[in-house]
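These notes are about the structure you will find just below.
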Amino acid sequence: MKTTNILKCLVVVLALFTYSCSSDSDGDGGEGSTPGGGSGITSITVAASTTSFELGGSVTFTVTGNDGSDLTSTSTILVNNSSIQGTSYTPTATGTFQINARYETLTSSAINIEVTPPVITAIRIESTTTSMKVGDTADFVVTGSDASGNDYIVTDTASITVNGNVITGNKHMAITADDLMVTAALDGVTSDALDLTVTDEVAPGMFQKTATIIDATGTWCQFCPRVSYGIELVGDATDKVFAIAAHSGDAMQNPASAALVAQVNPGGTFPTAVLNGNIDWTFPEPDNVAQVTNLATGTTSRGLSVNSVVAGDNLQVYVSAAFAQSMPGAKLAVYVLEDGIDANQVNGTSYYGGVNPLNASNGFTHDHTLRSSLTDVLGDVIPAGNTGAGQKYTQVFNYTIPSSINKDNISVVAMIIGNNFETVAANGAHAGVDKDFN
């Protein structure tokens, strides 16, 4: 009897063991352990409908599994490691582009497509203006067309000619009242001529008053941030006041700034801030913004127009000084300034949160920094025949921009100066901005 029971138990155990093994085997076959996520696919490839084409064309991609299945609709296409929508791509630039595809957990090997410049069969040149006055700047745009009529902006690669002379870049300042004939050329294709009418500029009978702040400063000067803060408050209140920061005793000092500091700060007291050339800005300057803005309120009989343009490493500046009332002995001063200079500034004030030192990392840069003077720092005498009532005096300056100056941060300020270095009119702007008579 005991033997029979033992045999029955062995039969049951054997049956359970057999069932268990069978179940495990079935389960292994049903789990998605392959790299394709259960599909049995272990690798994918991406192909392009074309591997080289002109800009303006499109390419379509297909994705195939190692078993030959088409996976295009369920895959993601990556161009230079960035995914695109769908499977068609139209590049916006020339060059070589790396293409990959991603399906579930699989990523294909990369292929490359080459986008070449289009073959231009015709070009045209256009300007933001159809007529100009002396001192204005025309901004040209060159458009190329291929044989299929597709248009492309080719301004950067085209050559632009104004009145027979090739210019640098795509901007041209009219410095005389002569009409302009402008053409563009690219790869042997030349545009039709664009004609621009240029007229003389006419000064108004009266001008908006302006004012200047000359800030004798230095990065070592612990109380100079007080004046810098005051200048910012003035800038928030009006755009009719022009600041010039003349550095002394630091890396931003130069012959122009040294001469200007000697004029407005002969005693060597820092900071010193002078309004209109000979008026002390009352301490504490940030509390006396109205003293400055009041000087730029109302009208006056003298005014300036200023325009400038950067072409390569050259800064061209046009300045016109006009007189509704005679001003014998008047002088013209023209300064080149730079904004956004990052240099440690000692700060012993409570301004700017009392942070010391101040620099770009905490939001402070040196602005309105005098870099050069295109005239004598104290002004060039304007010829007597140009300072009578109803007269005008124009000058064009060309300045080679040194590599130490950021061309994107240049501005120009011009001033009419009278006796005792009194500034009677000022105007200016960031390079490339045309400022008409105030």
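The values are calculated or read from the model by the stated rules, or taken from the named source; none is laboratory data. Remember, predicted model here, so these are calculated numbers, not experimental data. Reconstructed Cβ throughout: ideal geometry from the backbone, glycine too, with neighbour counts over all protein chains shown. What goes into the accessible areas is simple: the full protein's heavy atoms, side chains included, and nothing from ligands, DNA or RNA. Shrake-Rupley method; radii C 1.70, N 1.55, O 1.52, S 1.80 Å.
Things worth noting here:
The rows are residues; the columns are (1) at pLDDT 95 or above; (2) out of contact with any helix residue (DSSP H, G or I) (no Cβ under 8 Å at 6 or more places or on another chain); (3) buried (at least 20 other Cβ atoms within 10 Å of the Cβ).
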site: 331; (1), (2), (3): yes, yes, yes
site: 334; (1), (2), (3): yes, yes, yes
site: 355; (1), (2), (3): yes, no, no
site: 365; (1), (2), (3): yes, yes, no
site: 416; (1), (2), (3): yes, yes, yes
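- Answer residue from the range 198-230, given it is in contact with a Pro (Cβ under 9 Å, 6 or more places away or on another chain) and among the β-branched types (Val, Ile, Thr) and is surrounded by the fewest Cβ atoms within 10 Å (Cβ to Cβ) among those: 219
- Top-ranked residue in the range 258-293 [being over 34 Å from the mean Cα position of the chain (by Cα) and small (Gly, Ala, Ser); ranked as surrounded by the fewest Cβ atoms within 10 Å (Cβ to Cβ)]: 267
- The strands (runs of 3 or more DSSP E) located wholly in the range 170-231 that include 2 or more residues which are touching a His at 6+ places or on another chain (Cβ under 8 Å) and over 30 Å from residue 247 (Cα atoms) occupy 180-186.
- Enumeration of residues in the range 387-414 that are closer than 21 Å to residue 339 by Cβ and surrounded by 18 or more Cβ atoms within 10 Å (Cβ to Cβ): 399, 401, 405, 410, 411, 412, 413, 414
- For residue 14, the test of being at pLDDT below 85, among the hydrophobic types (A, V, I, L, M, F, W, C) and either within 29 Å of residue 152 (Cα to Cα) or surrounded by fewer than 12 Cβ atoms within 10 Å (Cβ to Cβ) (or both) is passed.
- Of all positions in the range 151-158, at least one carries a residue that is under 15 Å from residue 186 (Cα atoms), in a loop (DSSP other than H, G, I, E, B) and small (Gly, Ala, Ser).
- Among the residues of the range 91-123, just one is of a type in the set (Gly, Ala, Ser), surrounded by fewer than 13 Cβ atoms within 10 Å (Cβ to Cβ) and assigned to a strand (DSSP E or B), namely 95.
- Hits in the range 369-386 (condition: closer than 19 Å to residue 242 by Cα and either open to solvent by 60 Å² or more (accessible area, probe 1.4 Å) or in a loop (DSSP other than H, G, I, E, B) (or both)): 374, 375, 376, 377, 378, 379
- One residue from 238, 282, 217 being polar (S, T, N, Q) and under 14 Å from residue 346 (Cα atoms): 217
- Residue match in the range 238-251 (condition: open to solvent by 30 Å² or more (accessible area, probe 1.4 Å), on the phi > 0 side of the Ramachandran plot and either free of Cβ contacts under 8 Å to residues at least 12 places away in the same chain or in a strand (DSSP E or B) (or both)): no
- Residue 195 out of contact with any Lys or Arg (no Cβ under 7 Å at 6 or more places or on another chain) and open to solvent by 30 Å² or more (accessible area, probe 1.4 Å): yes
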